[in-house]
Each structure stands twice: as C-alpha cells, then as structure tokens.
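Chemist: Could you have a look at this structure, given as structure tokens, before my questions?
The values are calculated or read from the model by the stated rules, or taken from the named source; none is laboratory data. All values reported here derive from a predicted model rather than from experimental measurement. Note that we place each Cβ from the backbone using ideal geometry, even for glycine, and neighbour counts take in every protein chain shown. When the accessible area is computed, the model is the full protein with side chains, heavy atoms only, and any ligands, DNA or RNA have been set aside. Shrake-Rupley method; radii C 1.70, N 1.55, O 1.52, S 1.80 Å.
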Amino acid sequence: MQTLTRLDLDDARILMAGAEAHARTIGVPMCIAITDEAGQLIAFQRMEGGKVTSTTIAIDKAFTAAAAKKATHDYGAASQPGAPAYGIASAIGGRLMVVGGGLPVLWNGEVVGGIGVSSGTPAQDQAVAQAGIDDWIARQAK
C-alpha cells in the first residue's frame, strides 16, 4: 500500500469526480471543496445550479473535516446547548461547521485531507462527500 501524507491535485480531481457523479445521480447540483490535511483548499467546484451561498459553506466543511480531523456532522450533537462543544461553531471566525457534509479523507488511519459538500440537505451533502471518498479509495486500491 502506498505512503500518502496529503492529498494533491490529482487526488482532488478523483474525489471531486466521484462526488459530482453521485450529485448528478440524486439530481442535486452541489458545491464541492477538497482540502489538504491542514484544511487548505486544493480544489473547488460549483456545479451548474449549485447554490452561490453554498460556496463558502462547502469550503468551510472541508476545512473543518481536515483541520479538526472530524466529520462535521459529529459536531452537530456535540455543539448543542449543554453539550461539551457548545459554541464551537463561532470558533475560528465561524469557519467550524457543525452540519453534515464535511468528511475527513483517511489513508492508513491518518487524515490526508477533507471534502466538503453543500447545496442539498445535510444527509445529501454527506452522501455526496462519502461517494467522493469511496471512489477515491477504490482507485487507490488499483
């Protein structure tokens, strides 16, 4: 198995293609962002019809997933009033996202990047992000 410490542009293209294919299958045009392991943007795409307001959200979901090494939906429950991470959504200038659609990209148990998707429901966003990861992992095995 190859050694990989961070995503590069070729990886980002694969992740994006897998996510876009799933978005087309469910009929929801999405904004898709890919970051490296530090949460720095590698690639971004707003599909034709993707919400303009979802541009920043997708980027921030990818940032959160990679930099915090945690799926954004996991922050949802933990950030409710009385929960241990209450108020975290206002951290880092409001960049930490607490709704589904941001997933860390893992390789050999290590976070090598993040994918963030926005324009659908949180469940749709998360499914599209997961499809991108699944496609990328399948291609790594070849």
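Chemist: Lysines within cross-link reach of Lys69: Cα-Cα under 19 Å, excluding same-chain residues under 8 positions apart?
Modeler: Result set, ordered by chain and number: Lys61.
Chemist: For the chain, which whole-number percentage of the solvent-accessible area (1.4 Å probe, protein heavy atoms only) is attributable to carbon and sulfur atoms?
Modeler: Within the chain, the accessible surface is 55 percent carbon and sulfur.
Chemist: Continuing with the same structure: Only sites in a loop by DSSP and with at most 10 other Cβ atoms within 10 Å count here; which GluC sites (Glu not before Pro) in region 1-87 make the cut?
Modeler: Of the GluC sites (Glu not before Pro), the ones in loops of region 1-87 whose Cβ has at most 10 other Cβ atoms within 10 Å are Glu48.
Chemist: What is the packing order of peptides 117-128, 6-17, taking the mean over residues of other C-beta atoms within 10 Å and listing the highest first?
Modeler: Put in order of decreasing packing, that is 117-128, 6-17.
Chemist: So, one more: Once the Cβ-Cβ distance between Ser90 and Arg24 is put in as r, and R0 is 41 Å, what FRET efficiency do you end up with, to the nearest 0.05?
Modeler: According to the calculation, E is roughly 0.75.
Chemist: Calculate the translational D of region 1-130 in whole µm² s⁻¹ from Stokes-Einstein, where the hydrodynamic radius comes from the Kirkwood formula applied to all Cα pairs, the temperature is 20 °C and the viscosity 1.002 mPa s.
Modeler: The diffusion coefficient I find is 151 µm²/s.
Chemist: Considering only protein heavy atoms, what per residue accessible area in square angstrom results for the chain with a 1.4 angstrom probe?
Modeler: That works out to 48 Å² for each residue.
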